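Trainee: Let me give you the structure first, and then I'll get to my questions.
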């Protein structure tokens, strides 16, 4: 018998031989290295809600500020970037509508970045809270409800009802209850003024303890005064006001919600009233300078659809003048003495600075233009950061198609891949429009060397997809939408490019798989496709066309009579030998990203033999899991070699450079299954696999 000793690192020989017994060396398990998610796919596109593509400073200036955001579900998509907006995107041409690009697709992990189509200055919006119940009861006639004005809500200029403007961000009104109320309010009638004083005998305006943790009335809070169910002063003075300042414990200064001069209709010392936090009724909420004359409070980004010249025109630039009143095109129900809609009294206003309308960018279904190209390019810069989720993206595509956008995606992939641990690839497609592709020249165009052909952006990181396909978008039903052939459709069957469909497949497959495979995964992803795009020359899409597509580097959609929609050839746009297969590029990115993760903890550590061996061991362990020799079902590579000797010299090691040469043989997909058949009565059989009692020996 002897002693038992346990060590958490390899001890010296002297330690092991210091006493007879059993030595247990309990080494920590290597950190799992399969954490790189190659299924993270990103879309840059035009969305109703541009919150994650813009920023608003303290002066109310709206600027481009791309912040890619992960989408967790379909409901999360609506909450973060809005729903379907038929005025976004050049349907049937350059596309651009982010919602349509995502509709009917499934993703392993999805990240989106909205393009900034908003004007450079914002607006302000407010609603009316329920009136007080009676002259003696300050409680609201119905409970205050939260409300959301979804991005893309349509407003009109109150003075020019043909004009149209949409909010480019969701507006959220809270349901915070009144933190102070009573029936002792005093107001005094007089000449109309920008502000008036409100007094309460009981007050506590500077000392009230609020449920939101603040103390005292705050500038921007909402005063609800009077009752529509009362008579006398409580009726004539009934209204809603914004707190501008707090004079003392019993007096506050208020203004009308729209900032116009006002006076109280009747002097009274027995007004019913209550106070709510500003977020319940004002898009700005509470803040240090809530006054209606402060441009910084007009912080909601907007996208005008017309130039506000009075005719509803959208073809030329214009401005929505300062202080323009914005009314909903469809007004919510008004307040009554006994009821309130969550959006009763919804109103907006342009601030002290006019809102500019830019036709080339903001017109409904704006066509491709250099101004839009520039906004897409700016949005893509949001992926040149080290922060998640942008840094986790492995594949990207853009909702709009143009020469500049295709080239920018190519450049982005090269830039990200050169500086990030995670390599980036992209899908691109030509525009849908029939004018770009006539029946006689379509194949020549897409296989051509100049844009919009595949040859303009050749790279193993660029996957070129054609032809387009149709899918059903129920939100587009009964709305006139342009088709790819120049017609207008209202049945919801929309033409879409196929770069997004390939992106969806790549987001659902492990990187070693050919995206052209026919499997349960690819069949599920492509199931919503209902046919080729309206302008596709079906008659020319025979086997010879697909041979040409493959040879040209086009990952082309095909409808197989047995298997349905599939990508015929999983090829990159590169024609360089060894760089033509999508799964090779994706698997290389996956392996290299994991090698980087393994190596990072060793960076700047001492170059001891132990550290070098530990690093090589972890690299080998990772590659061994990809071979999966003990479980053929999990095999992901054919084999590997790890060489940590031949690449190193004493001089390099002294310079802090440690080379590990890694060679990996990936698994080729069975693209060309070949049967050599001889079938007939005269075939000579020497070894027979025959049916029982077939009369043949063997």
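Trainee: Mind sorting 124, 524 by how few other Cβ atoms lie within 10 Å of their own Cβ, fewest first?
Mentor: If I rank by nearby Cβ atoms, fewest first, I get 524, 124.
Trainee: Once you have a ≥ b ≥ c as the square roots of the Cα gyration tensor eigenvalues for the stretch 388-466, tell me rounded if a/c is under 1.5, and otherwise prolate or oblate according to whether a/b is larger than b/c.
Mentor: prolate
Trainee: Sorting 343, 235 on the 10 Å Cβ count, fewest up front, what's the list?
Mentor: By the 10 Å Cβ count, ascending: 235, 343.
Trainee: How big is the equivalent ellipsoid of the stretch 516-646 along its three axes, where each semi-axis is √(5λ) from the Cα gyration tensor, reported in whole Å from largest to smallest?
Mentor: 42, 17, 13
Trainee: From the Cα trace of the stretch 604-666, what convex hull volume per residue do you get, rounded to a whole Å³?
Mentor: Hull volume over Cα atoms, normalised by residue count, gives 86 Å³.
Trainee: So what's the gap between the Cα centers of the stretch 399-430 and the stretch 269-337, to the nearest angstrom?
Mentor: Centre-to-centre (Cα) distance: 39 Å.
Trainee: Right, another one. Find, to one decimal place in angstroms, the Kirkwood hydrodynamic radius of the stretch 123-350, where the mean of 1/r is taken over every pair of different Cα atoms and then inverted.
Mentor: Result for the stretch 123-350, one decimal place: 18.0 Å.
Trainee: Then there's this: Given Cα pairs under 8 Å that are at least 6 residues apart, what percent is the relative contact order of the chain? Walk me through the intermediate numbers first.
Mentor: Details: 1635 pairs, mean separation 95.2, N = 698.
The normalised contact order for the chain reaches 14 percent.
Trainee: Here's a follow-up. Among (i) 1.12; (ii) 0.95; (iii) 1.01, find the value of Rg/Rh (Cα atoms, Kirkwood Rh) that was calculated from the structure presented, and write down its label.
Mentor: (i)
Trainee: Limiting things to C-alpha atoms, what are the Rg and the maximum Cα-Cα separation (Dmax) for the stretch 579-698, in angstroms?
Mentor: Values for the stretch 579-698 (Cα only, Rg and Dmax): 24.2, 78 Å.
Trainee: For 117, 575, 335, what ranking results if the residue with the fewest other Cβ atoms within 10 Å of its Cβ goes first?
Mentor: 575, 335, 117
Read-outs throughout are calculated quantities, based only on the coordinates presented, and are distinct from any laboratory measurement. It should be emphasised that the depicted structure is a prediction, and the values quoted were computed from it without experimental measurement. FYI the Cβ positions are ideal-geometry reconstructions off the backbone, even for glycines, and counts take in every protein chain you see.
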